[in-house]
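Okay, structure first, notes after.
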Amino acid sequence: MNSRDPRLKDPKFDAGLLVVGQDVPRTDALPKVTGAAQYVADLHMPGMLHAAVLRSPHPNARIVSIDTSAARAMPGVKAVITGEDTAKCKWGAFRPDLYPLAIGRVRYVGDEIAAVAATDAETARAAIDKIVVQYEVLPAVFTLDEAMAAGAPLVHDDAPGNIAHEFAFERGEVDAGFKASDVIVEGTWELIRQWHSSLETIGCVAHWSNNRVTMWCNTQTPFLARGRYAVALGVPEAQVRVIQTEVGGGFGGKSGDDNCSVIAALLARKAGRPVKLIHTREEEFLASHPRMPMRYWVRLGFAKSGKVLAKEIRMWADNGAYTGKSQAILGAATVRHDALYKYPNARAKSTLLYTNLVPTGAFRGFGNPSADWAVEQAWDLAAEKLGIDIVDLLRMNAVEEGDVSPHNHKVTSCELRQCIDKAAELIDWKNKQKNKKPDTGFGMGCSVHVNGRRSFGDWDGSSAIVRINEDGRATIITGEGEIGQGTLTVLRQIAAEELGLPYDDIDITRPDTDVHPHSLGALASRVTYVAGNAVKRAAAEAHKQLINAASEQFKKPVDELTIINGQIGPKNGAESDFKPVSAVVRANIYKRGGEAIVGVGNWDNPSEFPDHSRFGNESGAYNFAAQAIEVEVDRGTGQVKLKEIAAVVDCGTVIHPSAAQGQVEGAVTQGIGLAMTEYFDWHNGMPTDPQYIDYTLPSADFVPKIHVGFADSYEPSGPFGAKGLGEIGLDAVPAAIANAIADAVGVRIHELPITAEKIHRALHPELYADEKQTPPAAPKTSVWTRLATGTPSGTRPFKPEWLQPATVEEAVQRYAEGNTAILSGGMAHALRRERNGYPLAKRLLHVGRIPEMLKAGINSDGALHTGAAVKQQVLHEMAGLRERWTALAEAFDAAGHDRVRQMTTVGGSLGPLIGGFDMPVAMLAFDSTLTMVSASGRRTVSLAEAFEKRFTKDEMIVCVDIKAVPPRSGSAFHKFLPRGVMETPTVNAAACVTLDVKGACVAVRLVVGAVSWKPIVLQLKALHGTQFDEAAIRAAVQPVHGLAQPMVNVRGSAQYKRNMAVEIGARMVIAAWQRAKK
Amino acid sequence: MLIKFTLNGDPAEVHLKSADRLLVDVLREDLLLTGTKHGCGIGACGTCTVIIDGAPVSSCLQLAALCEGADIRTVEGLSEEGMLHPVQQAFINKSAMQCGICIPGHVMQCVSLIEKNPAPSDEEIRASADSVYCRCTGYVKIMDAYREAAALMKKAGKV
């Protein structure tokens, strides 16, 4: 119960809340833990076809011709469509500029050109590769500067200057405000694209019947999607029915801006059969609508006291090739922050620019993270300049209940100061600041969010029906929908509370546009606040009808009756005076002229439709949050360790505490991803590797301790005092992290992402003084390979043959026959097939069941023997291995996790002789010997020599032997991963040190991987005979710098990798030495 | 080619359309066991985790042909006679799901952890949960559920 609930002061209100505020079981929990929940990809229908899409490989091109004849002729292909098969209608939420399939022109890599439906997915993909398109490649614009340049190529001919949208305002006397200011700070900050990365990609199953299409979509917004899809299809809205399936994550990315669903419907119409189209993970990166990057210049003026006097911003945003919701996002990023602090004067100009990049769109936070990234850092700069602790400065200027922003945002409930105080308290900010440890820092950031926004016309309401059934249960009929945020649960709690029925007796429907009253769905943190109010009203109406019916049946006035826990009876009556709700409802129906109990509730957000300059009270209520963060920076690598985060949210009454905590914890984690882990390399307008290899999500180990708190707060217009909270936990996280880093080591980051390299460069400019620029090589992996070979979808023209020899000799014989790939764990083959689209060979030689190759153990002489087909997990668990070959055990630890170790084998990790794999790097630190076999017999070769001389074409590895480690030896391995375990290494290194009885060094072997095509192996002879001396070790390791020939990629520049090769190499020698001493 | 294996305790036989057909496709498309989800196709996200011979694997990288004779368990095989498996119950008790698409993967990962290590430390739980992405929860409630699962498994006499 919320102590600010005004009813507490009402003596008549004695029961308190029974369901609201309780952690009732989530409505969607059972089907989700059993696997029964039906996501769109899980749907199977009789006669259903599978679809694939041909996408543009060029960022800007004229389509000269498309020939689909070969695709259409393929057996199993049932429909092939291009732009000519569409109504040629442009569509989009605010600025219609997107065709369902390209008409004469493509504008980004990923733009949809043609699509195929076939009897299975492989055939559909193979057919895509048969479509021949001739392009006239045009110059493209990839950056804001290129888009703005005089004479720049135009992305759309009707958008001069590539301007998609622009607006400006001035509220108050901005120049006078700056003139009166004692302290002025300014700066420019930039954000990057962030993908929603829902683990379920966008998809649709569409089926036409009686000239109407039913679309089973994983959309967040069924009704809005229906309206837009109808435009895109060129049919009246009445011909489209959208049914929401289970939604596997939305975050704005499934809010009805995708061509995927439209294409599924077009194919289904042409084929006359149901069609399923699901984005691959790669397509999700190429063609969903990620967060919009912005360049954000801000200037703030303050009085000496710390009071803010003026704010000015100039902002440019990268729309990508099509608009979606980006102009609304631009608006939010420009005005919303002005409802956070008491700005008396504010001026802004914002411009949305087209580029030839993947179109951007709505993503949790909706522009606010961009504003917060810049403005919350500017506040931090101001705090430093003013000499006021940031916590005190933000507190002093925080908006309060009753304030009105310069844009007429009316702040009805606001506990921002409580949020700031609690967040600081939760990480013990004041005490820790006083006794600050070196390289540790603290940062804070705040944010404000709407609870629904009037965006799609002058209505931001919701409509709901609550039925009380003759079985005594109630059904909520709403089209708002669950996307994982807890809608179904929270709306059931609200109805149960209002009706006086047990939570378990309330059912709720899933959205279907044919059935439900009009609803806007999950966007703008609106569902609890707006739909919650509509459901509450509908429940109140049903409650009233039920009490009226009971009044007639009990022959008592309505104000003497009450409903408690599903029973109706007289207030203060005995238990035997009560009747079940079911009996009252049944008696009300089964009589002459009887009636069912059906309550209808409508509620419109008490907000204003903002004008062209965005003046107007966008939302009936605003929620607030503060985040406080503690970080520690490793000066040697620039790596940031997040120690603790506190996030405190003012969302009014908390309806479901654990779901609310979950929203904040998840939002904070996405904010961490935006700040630190989620980015790509780009080449010619597309990511070089659109997968979870380069782009990593924060995994469990990357996320620090998160303290979640809620302000004691009550919103008078909210259902039971509640406001929304879905988005706000994310917004200020990147800025708070940057502020903490500045506090720790004095480095201010202006451009996302925050990388270890950026911090290392700022801390050690001398290490970059001699840097030679190495241009990145053209990408060779995955989608690029497929594009280069003209098979963008990557299907194979053959099915491989499976060979399973029983002995090594048989295996050698089959291998020698040629066109054969060795396979043991099978992971490399599966990966290559999935990513590059072609298998290693036409014959797969499975050696994983040959007994000789599966032997592993520690021999009586203390040496390790392992067959090539032995799984890494077997060695990882082998008793005695860690004590003897510590570096090797640490390499297995670093492999990522047990699934990887379970699927990778010794031979598979060594066979390709790749310089960055962990296991070979660790093995090279010891005396490791390979036994090879070929048609001409067996031979042994040292692992180091194998890397030098490679293998002959017909050779395969049988086993590996590693000699016992001499006494007084120590070894260590480390994989340097700035972004967590899912990443491939920036540098990995292993060292083995042997000492004599006096502690003097006898031998040091250092191996550094991932910075050259083969691992660098050094015997550090300069250290022989010496005692431990860190400076001497660092000097001895220095040659690694010159030997490294790193590739430039998302994991760092060549110079950074050279520096890290030295740093991590030295650390490993130090660690191994210290172990040897023990 | 024909392969035989045990699936959720029952014998199963599947004709592979191709020798390198992936287990996730066999489960989802050939056997219509859609509880196992397909998240990335490169073994990074863990959404497709199933248990083979007691160990967790990424079914999107697992060649089905390698499963000859194997004991395969998926999320559909956990509950017995209508009773939820303790790990499933733990995820419900801790509200440890939002959109739910990663949950079958987390549940299977958690089952494999606790069957092997009945009393995992917080650090071991973190390392295990670390191998399956979740885009919604920030892992706090998921790691709570792993802890709760260990307790419920012990109580149920399953470990």
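Just a few scattered comments:
- In plain terms, the C-alpha convex hull of the range A:251-349 casts an average shadow of 8.6 nm² when viewed from every direction.
- Quarter the surface of the alpha carbon convex hull of the range B:5-155 and you get the mean projected area, 8.5 square nanometres.
- Once the Cα-Cα distance is subtracted from the 0.36 nm per residue extended length, the A:ASP471 to A:ARG938 segment shows a gain of 160.2 nm.
- Cubic angstrom per residue, convex hull over Cα atoms of chain A: 204
- Between amide H atoms placed 1.01 Å from N, distances below 5 Å from A:THR219 occur with A:THR245, all of them 5 or more places distant or on a separate chain.
- One decimal place: the segment A:GLU166-A:VAL997 gains 291.6 nm when fully extended, by the rule 0.36 nm per residue minus the C-alpha distance.
- Restraint check, A:LYS430/B:LYS141; A:LYS342/B:LYS141; A:LYS32/B:LYS141; A:LYS78/A:LYS130; A:LYS975/A:LYS1014; A:LYS780/A:LYS1057, Cα-Cα greater than 26 Å: A:LYS430/B:LYS141; A:LYS342/B:LYS141
- Relative contact order of chain A, taken over Cα pairs closer than 8 Å and 6 or more residues apart, is 10 percent.
- Per-residue 3J(HN,Hα) values for the range A:915-926, derived from phi via the Karplus relation 6.51 cos²θ - 1.76 cosθ + 1.60 with θ = phi - 60°, read x, x, 5, 5, 4, x, 4, 5, 5, 5, 6, 10 Hz in sequence order (x marks Gly and Pro).
- Peptide packing: for A:42-50, A:240-248, A:935-943, the average count of neighbouring Cβ atoms within 10 Å per residue gives the ranking A:240-248, A:42-50, A:935-943, highest mean first.
- In the range A:435-500, Rg over Rh equals 1.28, where Rg is the alpha-carbon radius of gyration and Rh the Kirkwood radius from pairwise Cα distances.
- Cα-centred dipole magnitude for the range B:1-142, charges only on beta-carbon of K, R (+1) and D, E (-1), debye, nearest 20: 480
- R0 of 41 Å, Cβ-Cβ distance A:MET396-A:HIS518: FRET efficiency to nearest 0.05: 0.40
- Sequence-distant residues sharing a close amide H with A:ALA625 (under 5 Å, placed H): A:SER447, A:ASP650
- Highest mean first, the peptides A:582-593, A:170-181, A:1011-1022, A:954-965 sorted by other C-beta atoms within 10 Å per residue fall in the order A:954-965, A:1011-1022, A:170-181, A:582-593.
- Beta bridge orientation in the protein assembly as shown: antiparallel %, DSSP, nearest 5: 80
- Additional length obtainable on full extension of the chain from A:ASP428 to A:GLN1027, 0.36 nm per residue less Cα span: 211.3 nm
- Using a Gaussian network model of chain B in which every pair of alpha carbons under 10 angstrom is joined by a spring, one finds that among B:GLU123, B:GLU148, B:GLU76 the greatest mean-square fluctuation is at B:GLU123.
- Here the 3J(HN,Hα) profile of the range B:91-98, calculated from phi with Karplus coefficients 6.51, -1.76 and 1.60 at θ = phi - 60°, is 5, 5, 4, 9, 6, 8, 7, 10 Hz, Gly and Pro shown as x.
- Our coupling estimate for the range A:338-352, obtained by passing each phi through the Karplus curve with A = 6.51, B = -1.76, C = 1.60 and θ = phi - 60°, is 6, 9, 9, 10, 7, 6, x, 9, 8, 9, 8, 9, 10, 10, 9 Hz, Gly and Pro reported as x.
- On Cα atoms only, tilt of B:140-155 relative to the major axis of chain B in degrees: 90
- Amide N proximity, the range A:618-647 versus A:TYR768 label position 7 Å along Cα-to-Cβ, cut-off under 15 Å: A:636-639
- Between the beta carbons of B:ASP30 and A:GLU146, assuming R0 = 60 Å, the FRET efficiency works out to 0.75 to the nearest 0.05.
- Sum of -39500 (n - 2.57) over DSSP H runs of 4+, divided by residues of the protein assembly as shown (222 nm, nearest 500): -8000 deg cm²/dmol
- Cross-link reach is defined here as a Cα-Cα straight distance under 17 Å, omitting same-chain residues fewer than 8 places apart; for A:LYS953 the lysines meeting it are A:LYS842.
- Close amide H pairs (under 5 Å, H built 1.01 Å from N) link A:ARG105 with A:ILE63, residues at least 5 positions away or on another chain.
- Debye equation applied to the C-alpha atoms of the range A:725-863, log10 I(q)/I(0) at 0.09, 0.13, 0.15, 0.19 Å⁻¹: -0.66, -0.84, -0.87, -1.08
- In straight-distance terms, cross-link reach from B:LYS116 covers every one of the lysines whose alpha-carbon lies under 18 Å from its own, apart from those fewer than eight places away in the same chain; here that gives A:LYS871, B:LYS154, B:LYS155, B:LYS158.
- FRET efficiency, A:ALA540 to B:ARG147 (Cβ-Cβ, R0 41 Å, nearest 0.05): 0.50
- Put in order of Cβ neighbour count within 10 Å, fewest first, the listed residues A:ASP743, A:ASP512, A:ASP770 become A:ASP770, A:ASP512, A:ASP743.
- Averaged over A:277-285, number of beta-carbon atoms from partner chains that fall within 10 Å: 2
- Cross-link reach is defined here as a Cα-Cα straight distance under 22 Å, omitting same-chain residues fewer than 8 places apart; for A:LYS325 the lysines meeting it are A:LYS88, A:LYS90, A:LYS254, A:LYS349.
- Placing +1 on the Cβ of every Lys and Arg and -1 on the Cβ of every Asp and Glu, with nothing else charged, gives chain A a dipole about its Cα centre of roughly 1940 debye.
Here, each number is a calculation from the coordinates, and none is a lab measurement. Predicted model only: the values in this text are computed from it and were never measured. Counting neighbours? That spans all protein chains shown, and the Cβs are built from the backbone with ideal geometry, glycine included.
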